[in-house]
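Okay, structure first, notes after.
Any read-out appearing in this document is the output of simple, stated calculations on the displayed coordinates, not a laboratory observation. Computed from a prediction, not measured in an experiment: that's the story for all the values here. Cβ placement follows ideal geometry from the backbone for every residue including glycine, while neighbour counts extend to all protein chains displayed.
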Amino acid sequence: MTAIAPDRDTRDSHLAEVELQRHLSTTWGSASGVWGALSNVDHKVIGRRYIVTAFVFLALGGALSLAMRLQLSQPEARFIGPDRYNQIFTMHGTNMMFLFAVPVMEAMAVYLVPLMVGTRNIAFPRLNAFSYWMFLAGGILLWVAFAIDTGPDVGWFAYVPLAGPQYGTGKRADIWAQMITFTEISALAVSLELVVTIFKQRAPGMSLNRIPLFVWSMLVTSFLVILAMPAIMIASTSLILDRLVGTHFFNPAEGGDVLLWQHLFWFFGHPEVYIIFLPAVGMVSTIVATFTQRPVFGYLAMVMALITTGVLAFGLWVHHMFVAGLPRLGESFFTASSMAIALPAGLQIFCWLATIWWGRPIFKTPFLFVLGFIFTFVIGGMTGVMVASVPFDTQVHDTYFVVAHFHYVLVGGALFPLLGAIYYWFPKFTGRMMSERLGKWVFGLIVVGFNLTFFPMHILGLQGMPRRIYTYQPEMLWGGLNMFISLSVLILTAGFLLFFIDVVRSAFHGRPAGANPWRASTLEWATPSPPPCYNFQRVPVVSDSVPLWSDGEVLSVASGLRVDRRELLVTGVVDASPEARESSPGHSVWPFWTALATTIVLIWSIFTPWAVVWGAIPVAIALTGWFWPKGTPEDES
Amino acid sequence: MKPLILFCLVFPTILSGCSGSQSALDAHGVSAIHLKGLMAGFFWVCTFVWLLAILTLVYALMRSRLWEAPTQSDGRWTRIVVAGAVAATALVITVLTIASFYTTRAIDESGGDAITIVVKGEQWWWRIRYPNPDKSLEFETANEIHIPVGQDVRLELESADVIHSFWVPSLAGKQDLVPGRSNTLLIRAERPGIYRGQCAEFCGLQHSHMAIFIVADDAKSYAGWLASQQIDRTAAMDDEALAGQTVFLAKPCAACHTVRGTSASGTTGPDLTHVGSRRTIGAGLIETTRGSLAAWIADPQTLKPGNNMPMVPLTSDELRQVSRYMDNLK
């Protein structure tokens with residue numbers, strides 16, 4: 001791997017602490033200024049950008065839901081017309097799924113996974129930078145299109161033929177399909193990085209049975225992304241081809257099939273739910289362990305439950321199509337498989353309950369959000385069992401019952417743990433604590449506001465209110481509950497506003513946190529808060545699954561890595577025994593240029609297929625620049 | 001807990017059926033009655049399971065505070081309890097799966113002598129055809145289906161453009177209308193009444209205004225309605241209506257609409273032969289009166305923005321006459 005003679009290396013084993021820090025900071029640090037920002041490949045910097053950007057999209061998507069609640073607060077309201085309303089609910093769903101929920105989970109992992117496995121940077125750090133720029137560009141594309149009244153208006157699922165060339169006129173559906181391309185590129189890139197990081201860069205001794213549960217959940221999630229994204233890639237590309245060059249994949253008049261779209265979309269779309277949910281499960285396990293001060297009960301069972309959920313996730317997609325007219329026998333199979341997901345989900349809940357049972361719970365804000373999660377998510381799980389039943393689903397499919405159900409699952413099941421995780425890891429990100437007092441208010445307002453907002457939607461759905469309607473007639477008797485919901489949203493909104501205020505305030509004025517304020521057990525707490533650019537002074541060595549609890553104040557470390565160039569330790573997949581020293585690419589502005597060139601191709605191709613040909617040239621130039629050896633020590637190795 | 005308490009108070013009362021004309025809980029069709037039973041079963045089972053989980057959580061949280069409980073875990077017992085809980089979950093979902101399966105079977109059982117009606121979803125209304133081996137007795141109508149009480153009716157569901165979904169919750173669960181495919185839905189009303197439904201699959205701009213009514217009558221009234229629809233016209237017309245007919249035939253109206261017995265034979269829009277006898281116009285948008293007909297004809301785009309009916313310029317006299325004519329088409 002390295003041709004340089006060992007005696008000329010600068011290794012961390014020879015150096016005293018101050019000298020070591022100086023060397024590492026020089027090697028792993030990045031330039032300042034705009035140029036430095038554009039060329040940074042530090043996973044923590046990129047992870048932080050990702051998280052902040054995703055939360056900006058959360059706020060924007062939340063603003064859209066306020067607009068919808070205004071329009072629906074009374075029958076035949078005329079605040080927003082049907083055209084704008086259809087754009088708004090499409091944007092809300094698309095934005096929340098593709099620009100918030102999936103990216104924010106991956107963002108948390110981009111920041112945390114390398115720290116939790118004890119390495120100095122994520123694998124393929126330049127790809128990581130590229131993925132962030134692609135995500136940002138996709139988000140900007142979607143929102144700029146919406147701002148100039150070209151926002152997609154065909155639902156976040158873009159069913160054909162409504163989204164096809166004949167009925168989806170203009171560029172609106174193209175924008176949607178191309179935004180998918182942006183986010184799938186970035187999600188795939190991050191997933192690959194995470195898989196490689198988790199498999200090959202774990203601290204020595206962190207064998208498979210000692211990986212923190214959050215890291216396990218991200219490993220399973222990453223495989224889900226890698227296996228599910230190709231389906232949506234095929235779907236969105238076929239849609240663009242139908243719209244742009246006149247193919248007939250989805251045109252029944254020419255032998256195409258409209259249900260093909262639904263199969264492809266949901267083959268991705270259902271695993272997507274678990275791509276959002278599994279990271280949250282990992283967060284819950286982490287928080288439960290820390291705030292009961294004991295490892296989560298049933299480590300092996302928890303890991304098996306994660307993997308089982310991941311496998312089952314690919315056998316459920318038809319339950320989104322129970323009323324499309326598929327054969328009844330096949331549908332019964334999907335009822336059984338959809339119900340079966342309750343087993344791994346239940347198992348995890350039981351393990352958490354067992355952990356809490358034997359622990360002495362510490363009621364800090366992150367833990368409160370976990371309690372809110374269990375309370376709310378189990379309701380979503382129960383309605384999930386209901387919609388898994390074919391006959392039950394025929395009455396509630398595409399109604400507000402389903403709107404209630406998936407908000408219980410996604411907000412209760414993923415956003416609550418995420419907010420808990422922000423309160424939990426904020427000290428690590430910034431070195432400062434968030435406010436416990438405000439945190440309890442945030443928790444109360446959000447959990448109460450959420451339940452008041454979404455619970456009545458179950459009833460509306462059973463009373464016959466379909467989804468995606470911009471208004472309803474006064475004789476439908478839905479007005480009272482809708483007004484109640486629209487008012488409850490204000491409580492929920494107040495909670496989120498307070499959360500954002502707390503974040504900003506704490507980032508500047510929060511109490512300094514120290515390295516491990518919660519007395520947690522995992523490696524990210526073994527380094528200062530916020531972590532230095534090289535993460536760990538020396539690579540930690542692990543001898544069980546709770547390294548910071550068992551080793552007390554002193555953590556065993558390994559030495560022998562070079563400090564004059566970016567180098568990290570590669571370890572075995574199963575037992576994490578050291579295998580090699582590998583250099584990690586330094587900062588580069590080329591991922592940014594490549595992302596820019598790719599963005600131009602993708603947006604241009606909405607207008608002409610020739611963009612793919614001519615636009616390939618700048619992409620090729622940018623990629624050449626990316627991989628061109630520049631004489632840095634890392635290049636030479 | 002607030003919404004839960006609310007729900008517990010409200011749910012049984014809605015289950016007992018007091019809600020509006022379009023509700024899965026106000027079941028009057030044989031399918032909907034089966035489904036309501038299943039839904040009630042699911043509801044109570046799930047509520048019980050949820051309460052069990054939450055009570056366990058609350059107890060687990062309070063345990064170490066209420067008394068000096070041991071926190072040294074008894075691994076073996078915990079494992080047995082967790083395994084038992086998983087086994088119980090498996091049992092519950094097996095029972096629910098089997099219950100679902102048998103409910104589906106019960107709904108799909110049908111007598112072979114069902115009446116067949118073809119329902120075609122269009123942006124944004126429902127084309128209804130009553131097929132008849134005798135072509136002269138076949139007719140089309142829109143947004144209103146009449147059926148006899150207590151008899152199986154087979155709806156053949158098709159789409160002319162995008163995907164729609166046929167859903168009249170008081171009678172049956174929903175079924176999509178998919179372009180290039182034909183689905184069927186079996187309904188049977190157990191009681192006479194008017195049951196409202198609306199499109200349940202997002203189908204574009206006016207998805208919100210795509211309602212349908214099913215009118216379930218006793219056999220005699222149904223036969224009377226059928227006979228009246230099969231003939232071209234029921235009532236004699238006054239002079240104003242006849243003048244309206246002339247305007248209707250001369251203007252672009254006739255290019256899109258059919259009025260049987262006249263030269264108007266367009267098929268883009270709804271068949272208007274008996275438009276005056278239907279309860280609503282614009283797919284459930286407004287009640288059919290002479291005034292609402294005039295308002296609709298004068299400016300369809302304000303009442304239902306984006307729908308496919310253009311505004312046809314008429315003088316006020318012509319508008320009066322045409323609306324009189326429409327109103328006369330009973």
- request: Treating the angle as unsigned and between 0 and 90°, give the value, to the nearest 10°, between the Cα long axis of helix A:43-72 and the longest Cα principal axis of chain A.
  value: 20 degrees
Net dipole in debye of chain A [+1 Lys, Arg Cβ; -1 Asp, Glu Cβ; about Cα centre; nearest 20]: 1240 debye
message: Checking the a/c ratio against 1.5 first, then a/b against b/c, what shape does the Cα gyration tensor give for the range B:23-107?
response: oblate
- request: Using a 10 Å cut-off on Cβ to Cβ distances, tally the other chain neighbours for every residue of B:317-325 and report the average as a whole number.
  value: 0
- request: Taking amide H positions as placed in the peptide plane 1.01 Å from N, state which residues far from B:His164 in sequence (5 or more) or on other chains have amide H under 5 Å from it.
  value: B:Leu177
message: Per q in 0.08, 0.11, 0.15 Å⁻¹, report the Debye log10 I(q)/I(0) for chain B, using one uniform scatterer on each alpha carbon and no solvent.
response: -0.51, -0.79, -1.24
- prompt: What translational D, rounded to a whole number of µm²/s, comes out for the range A:443-500 from Stokes-Einstein when the hydrodynamic radius is the Kirkwood one over Cα pairs, at 10 °C and 1.306 mPa s?
  reply: 131 µm²/s
task: Sort A:105-115, A:458-468 for me by packing, meaning the mean count of neighbouring Cβ atoms within 10 Å per residue, highest on top.
output: A:105-115, A:458-468
- prompt: DSSP loop chymotrypsin sites (Phe, Trp or Tyr not before Pro) in the range A:527-623 with at most 12 other Cβ atoms within 10 Å of their Cβ, which ones?
  reply: A:Phe607
field: Shape call, the range B:239-328: gyration tensor on alpha carbons, a/c limit 1.5
entry: rounded
- request: Could you tell me which GluC sites (Glu not before Pro) in the range A:532-615 are loop residues by DSSP with no more than 16 other beta carbons within 10 angstrom of their beta carbon?
  value: A:Glu553
query: Can you pull the mean other chain C-beta count within 10 Å for peptide A:341-354?
result: 5
field: Shape metrics for the range B:200-244, restricted to C-alpha atoms - Rg then Dmax, Å
entry: 17.1, 44
- prompt: Which of B:Tyr222, A:Tyr167, A:Tyr50 comes first, and how do the rest follow, when ranked by fewest Cβ neighbours within 10 Å?
  reply: A:Tyr167, B:Tyr222, A:Tyr50
task: Using a 10 Å cut-off on Cβ to Cβ distances, tally the other chain neighbours for every residue of A:372-381 and report the average as a whole number.
output: 3
- prompt: What is the local net charge at A:Ile51, summed over the other residues whose Cβ is closer than 11 Å to its Cβ (Lys, Arg +1; Asp, Glu -1)?
  reply: +2
- line: Computed over all unlike Cα pairs, the Kirkwood hydrodynamic radius of the protein assembly as shown in Å stands at 30.4 Å
message: Neighbour counts of other C-beta atoms within 10 Å: give me B:Met326, A:Met321, A:Met233 arranged from fewest to most.
response: A:Met233, A:Met321, B:Met326
task: Using a/c under 1.5 as the rounded threshold, could you call the range A:339-405 rounded, prolate or oblate? The axes a ≥ b ≥ c are square roots of the C-alpha gyration tensor eigenvalues, and prolate needs a/b larger than b/c, oblate otherwise.
output: oblate
- request: Kindly write out, for the range A:76-92 in residue order, the coupling ³J(HN,Hα) from the Karplus curve 6.51 cos²θ - 1.76 cosθ + 1.60 (θ = phi - 60°), rounded to whole Hz, with x marking Gly and Pro.
  value: 6, 5, 10, 5, 10, x, x, 5, 5, 4, 5, 5, 5, 6, 5, 4, 4
message: Largest first, please: the extent of the C-alpha atoms of the range B:115-230 along each principal axis, to the nearest Å.
response: 39, 31, 21
statement: Rounded to the nearest 10, the angle in degrees between the Cα long axis of helix A:213-244 and the longest principal axis of the Cα atoms of chain A comes to 50 degrees
message: Just to be sure I understand: of the beta bridges DSSP finds with both ends in chain A, what percent are antiparallel, rounded to 5?
response: 100 percent
Candidates B:Gly291, B:Gly84, B:Gly41, ranked by Gaussian network fluctuation over chain B, Cα under 10 Å, top entry: B:Gly84
